[in-house]
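Student: Here's a structure for you.
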Amino acid sequence: MHACRRLGDGLAAQMDKVCLLRSMTHNMNVHGPACSEVYSGREYFTAPVTDQALPDDWPSLSAMTMRYGQHRPGLPCSVVLPWYLQFPGQARRIAGQTGGRMGEQHNAMLIQGDSEKKEFRVDGLKMRKNVPISRIENRRELLAQIQTRSGQNKLYGSVADDFGQHRRRAYSLLKHQAGELLDLKRESEKTRATYGDTMVGQSLLMARRLVESGVSLVTVNWEDETKIDGVNTCWDTHQDNFSKLKNLLCPIFDQAFPAFIEDLDQRGLLESTLVVAIGEFGRTPQMGQFSQSSNTRKTGRDHWPHAFTALLAGGGVQGGQVYGKTNPHGAFVETDPVSPADLSATILSYLGINPQLEYVNEIRDMTHPLSPGPLEIVG
């Protein structure tokens, strides 16, 4: 607790706005499938033999929002920052982050981050000075005529439809000059410094800009592939748990997350914005306790999904409260258990999307509700 007070000054100052949800729980202790459960609100559908995405993945909340959320002209209603989670050395993203069985055409817009420059981009989202929007419109009309006469859309079916949808989104962004929204240089140096010179900090600043502009859902992933002083910055603390938390992870979070909460509050956005900070699972209650990985050392903590914590703020959530209770060892939930399904249904409901709304599985001939969970977990 003393370490928390030393390292948590930033977050401590904002805890009157934050609900400490201590009773998150599920049973998956492998990274990718556990990420899938938290991203989608669904139990993983097959044996956890890989961390990597599969075509039959459950759709993420970001994809559900992209399909069923409220769209504004020139803006996607769902954005992912600053990259899809992916383990170093693997060529594919971690499970559960995209449209999956709902269809990749419903993927959220990925706004990529540059970890060196702390800048953001959407590939192709920049108009040439000698090509006005009217000229692009003429090109679109010509392309539509060619496709209609050649029967291209019928020939390629859903592939052509998906490509056309991506093209329409890109055009809408260009037309409304969304590139200006992605330019963090429009923020003061003081504001950028407040969030911290890290990819996480600058991603949260970008998230504030997106929320302020009307984007419904913004997913910010931690910088799990980057390194600071040669140390990987993910929270997978199989070795040197306490030193890594104290010297690296907690200081980054304790600057960026409270800055985001305070900034939203000062701009009058917090009450209308539900903020959720969560990992795919927690860590073992005992040091050196084995649960999944042989990489765990005496100084580390292994994977533990049976009881872990999420932070909720804004969106009508009552701040300054603790929800749920574990046993004295923090190993298992005793009261008010909250599953990923509960949390996802709550988020969807807050966004005005019916969690029981059904969609067609594009991999198998069947339908599914968006989320099986109940609606409310906090009040």
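The values are calculated or read from the model by the stated rules, or taken from the named source; none is laboratory data. Since the model is a prediction, treat every value here as computed from it, not as a measurement. Cβ coordinates were reconstructed from backbone atoms using ideal geometry, including for glycine residues, and neighbour counts include every protein chain displayed.
Student: Among 296, 284, 309, 273, which is the only one that is at pLDDT 95 or above and over 20 Å from the mean Cα position of the chain (by Cα)? Give the derivation first.
Tutor: On the way: 296 fails: at pLDDT 95 or above; 309 fails: over 20 Å from the mean Cα position of the chain (by Cα); 273 fails: over 20 Å from the mean Cα position of the chain (by Cα).
Only one candidate qualifies: 284.
Student: Return only the number of the condition from (1) at pLDDT 90 or above; (2) assigned to a loop (DSSP other than H, G, I, E, B) that residue 89 does not satisfy.
Tutor: Failed condition: (1).
Student: I need a count of the residues in segment 327-362 that are polar (S, T, N, Q), surrounded by fewer than 20 Cβ atoms within 10 Å (Cβ to Cβ) and part of a loop (DSSP other than H, G, I, E, B).
Tutor: 4
Student: Continuing with the same structure: Kindly provide the set of residues from segment 364-379 that are surrounded by fewer than 18 Cβ atoms within 10 Å (Cβ to Cβ) and closer than 19 Å to residue 62 by Cβ, ordered by number.
Tutor: 368, 369, 372
Student: Give just the number: which of (1) in contact with a helix residue (DSSP H, G or I) (Cβ under 8 Å, 6 or more places away or on another chain); (2) small (Gly, Ala, Ser); (3) under 21 Å from residue 61 (Cβ atoms); (4) touching a residue at least 40 places away in the same chain (Cβ under 8 Å) does residue 196 not satisfy?
Tutor: With (1) in contact with a helix residue (DSSP H, G or I) (Cβ under 8 Å, 6 or more places away or on another chain); (2) small (Gly, Ala, Ser); (3) under 21 Å from residue 61 (Cβ atoms); (4) touching a residue at least 40 places away in the same chain (Cβ under 8 Å) applied to residue 196, the lone miss is (3).
Student: Taking the criterion of being more than 20 Å from the chain's Cα centre (by Cα), within 18 Å of residue 10 (Cβ to Cβ) and not in a strand (DSSP E or B), would at least one residue in segment 248-261 satisfy it?
Tutor: yes
Student: For segment 1-86, give me every one of the helices (runs of 4 or more DSSP H) that falls completely inside it and has 1 or more residues that are within 28 Å of residue 266 (Cβ to Cβ) and not polar (S, T, N, Q). Even if it seems obvious, please write down each step before you answer.
Tutor: Working: elements: 2-7, 9-12, 31-40, 61-68.
Passing ranges, in order: 2-7, 9-12, 61-68.
Student: Here's something else I'd like to know. Examine segment 334-342 for a residue that is over 23 Å from residue 318 (Cβ atoms) and of a type outside the set (D, E, K, R), and state whether such a residue exists. Break it down stepwise before answering.
Tutor: First, the residues of segment 334-342 that are over 23 Å from residue 318 (Cβ atoms): none.
Within segment 334-342 (the criterion being over 23 Å from residue 318 (Cβ atoms) and of a type outside the set (D, E, K, R)), the answer is no, since none of the residues qualifies.
Student: While we're on this one: Assess whether residue 172 counts as being modelled with pLDDT under 95 and among the small types (Gly, Ala, Ser).
Tutor: Criteria met by residue 172.
Student: Related question: Within segment 232-247, how many residues turn out to be crowded, with 16+ Cβ neighbours inside 10 Å, hydroxyl-bearing (Ser, Thr, Tyr) and part of a helix (DSSP H, G or I)?
Tutor: Of the residues in segment 232-247, 0 are crowded, with 16+ Cβ neighbours inside 10 Å, hydroxyl-bearing (Ser, Thr, Tyr) and part of a helix (DSSP H, G or I).
Student: Working only within segment 21-67, note down all residues that are β-branched (Val, Ile, Thr) and without any contact (Cβ under 8 Å) to a residue 60 or more places away in the chain.
Tutor: 46, 49, 50, listed by residue number.
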